[in-house]
Amino acid sequence: MDYISISDLLIFANHGVFEEEKRLGQKFLLDIRLGLSTQHAALHNDLESSVHYGLLSQEVERLFRSRSHDLIETCAEEVAQFILKTYPLVEEVFVRVKKPWAPVHLPLDTVCVEVSRKRHRAFLGLGSNMGDSEAFLNTAIQRIQDEYTTLLQASSLYRTKAWGRTEQPDFLNQVVEVQTSYEAMELLRKLQNIELELGRERKIHWGPRTVDIDILFFDDIKSYTKELILPHPYVEERDFVLEPMNEIAPHFIHPILNKPIRKLWKKLQETSAPEFQTNREQTPPSDNTTVQ
C-alpha cells in the first residue's frame with residue numbers, strides 16, 4: 001500500500017456543542033492520509049491514476065465548512081466517507097481533526113479525533129419463510145444499499161427445509177456480496193434495523209421469520225463477541241448458505257477453516273445423510289433486485 005498525506009490543513013468552521021462555537025467559529029487542523037497504489041501513476045507520469053491532492057483539499061474545505069456539527073467525531077467521519085465515495089482509487093483513509101481552541105479551560109496544545117476507514121467486502125445470508133418471502137428478500141436487499149454500502153452480486157433464490165427447528169414452512173434463502181465502509185458492528189446494527197422494519201420478531205430461536213440477515217464473512221476478520229461472531233459459526237454446516245455462496249464466490253477462502261467455499265460445499269454434499277439433504281428449488285433473482 002502507498003500513501004499520500006496532507007498535514008495541518010487549516011479550516012475555519014463552526015463546529016462545537018456550545019452556541020458560541022457555532023456562532024463565532026474557530027480554527028481546525030486536518031491531517032489526511034490516503035492509502036492507494038501510486039505505482040502506475042509514478043511509472044507513467046499519469047495524474048489520472050492518482051489523487052489530485054490540491055483538488056481534494058479544496059473539496060474537503062468546502063465540505064467541512066458547509067454545515068455545523070456538535071462533535072468533531074462527526075466531522076472526521078463525514079470527511080472520511082466523502083473521500084471513499086468520491087475517490088474510487090483510495091482503498092483506505094485516515095482522518096485526524098484537531099481542535100486547538102477547544103473550550104477546555106486548561107493548558108493544552110490541541111484536542112483531536114482520529115478515524116480510519118476502508119472499503120470492506122462482506123457476504124450476507126438472507127432467509128424468509130413468512131408471507132411473501134421473495135418480496136421480503138428483495139426489499140431487504142434494496143434497504144441494505146445506501147451511501148456506505150453497494151451490492152456487488154446476488155445469488156439465485158433457494159427454497160430449503162427449515163434448519164434447527166424443522167416443524168415450520170420452508171425457507172427462501174439467498175446470499176449477497178456487498179462492499180461497505182461500515183465497520184462490522186455498525187453493519188450489524190443496520191441489518192438488525194432492517195429486520196425490525198420488515199416485521200422480524202425474535203421470540204423463538206430458529207423460528208419462523210419475515211426476514212433474517214446474517215453477516216457470514218466480513219473481509220477475513222476472525223472475531224468473537226457477545227454481539228457478533230465472525231465468520232458465522234454455522235457456515236460449513238448449512239447447505240442453504242454454502243450452495244448460494246458457492247454460486248457467487250466458490251473460491252472465497254474461509255478464514256478459519258482455510259478452505260475455499262467450493263470444497264466446503266462438496267464436503268457437505270458428501271457427508272450429509274440422504275434423509276437430511278433438502279430438495280432445493282433454485283430460481284434466479286427477480287428483476288427488481290439490482291446487481292451493481
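The values are calculated or read from the model by the stated rules, or taken from the named source; none is laboratory data. Only a predicted model underlies this, so the values are computations on that prediction, with no experimental measurement involved. Cβ sites come from the backbone with ideal geometry, for glycine too, and all protein chains shown count toward neighbours. Heavy atoms of the whole protein, side chains included, go into the accessibility calculation; ligands, DNA and RNA do not. Shrake-Rupley method; radii C 1.70, N 1.55, O 1.52, S 1.80 Å.
May I ask you to say which residue of Gln168, Gln153 is at pLDDT 95 or above and farther than 30 Å from Ser7 by Cα?
Only one candidate passes the filter, namely Gln153.
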Looking at Ala140, is it among the hydrophobic types (A, V, I, L, M, F, W, C) and in contact with a Phe, Trp or Tyr (Cβ under 6 Å, 6 or more places away or on another chain)?
no
Just the residues that are under 26 Å from Glu92 (Cβ atoms) and buried (at least 19 other Cβ atoms within 10 Å of the Cβ), please, taken from segment 121-140.
Ala122, Phe123, Leu124
List the pairs whose first member sits in segment 234-259 and is closer than 14 Å to Arg121 by Cα, whose second member is part of a loop (DSSP other than H, G, I, E, B), and whose Cβ atoms are under 7 Å apart, counting only residues at least 6 apart or on separate chains?
Ile248/Ser155; Ile253/Lys259; His254/Pro231; Pro255/Asp220; Pro255/Lys222; Pro255/Pro231
The number of residues in segment 260-284 that are at pLDDT below 70, within 25 Å of Ala122 (Cα to Cα) and assigned to a helix (DSSP H, G or I) is 0
Filter segment 82-111 for residues that are open to solvent by less than 60 Å² (accessible area, probe 1.4 Å), in contact with a strand residue (DSSP E or B) (Cβ under 6 Å, 6 or more places away or on another chain) and farther than 16 Å from Ile6 by Cα and give the result.
Lys99, Ala102, Thr110, Val111
Restricting to segment 141-161, what's the tally of residues that are outside any helix (DSSP H, G or I) and either under 23 Å from Pro88 (Cα atoms) or of a type in the set (Gly, Ala, Ser) (or both)?
12
Anything in segment 196-222 that is modelled with pLDDT of 90 or more and either assigned to a helix (DSSP H, G or I) or open to solvent by 40 Å² or more (accessible area, probe 1.4 Å) (or both)? List them, or say none.
Leu196, Glu197, Asp220, Ile221, Lys222
Inside segment 214-233, the number of residues satisfying the requirement of being in contact with a Lys or Arg (Cβ under 7 Å, 6 or more places away or on another chain) and of a type in the set (A, V, I, L, M, F, W, C) is 1
Picking from Glu114, Glu134, which residue would you name as being acidic (Asp, Glu) and in contact with a Ser or Thr (Cβ under 9 Å, 6 or more places away or on another chain)?
Glu134
Among the residues of segment 77-134, write down those that are charged (D, E, K, R) and within 30 Å of Gln174 (Cβ to Cβ).
Lys85, Glu91, Glu92, Arg117, Lys118, Arg119, Arg121, Asp132, Glu134
Qualifying position, being over 21 Å from Lys118 (Cα atoms), at pLDDT below 95 and not β-branched (Val, Ile, Thr), among Leu47, Leu43, Leu29, Leu10:
Leu47
Please identify the pairs in which a residue from segment 103-122 that is hydrophobic (A, V, I, L, M, F, W, C) has its Cβ atom under 7 Å from the Cβ atom of a residue that is open to solvent by 80 Å² or more (accessible area, probe 1.4 Å), counting only partners at least 6 apart or on another chain.
Val113/Glu73
Do we have Trp163 as modelled with pLDDT under 95 and at positive phi here?
no
Determine the pairs where a residue that is in contact (Cβ under 8 Å) with a residue 60 or more places away in the chain, located within segment 140-151, has a partner that is in a helix (DSSP H, G or I) with Cβ atoms under 6 Å apart, the partner being 6 or more residues away or on another chain.
Ala140/Ile194
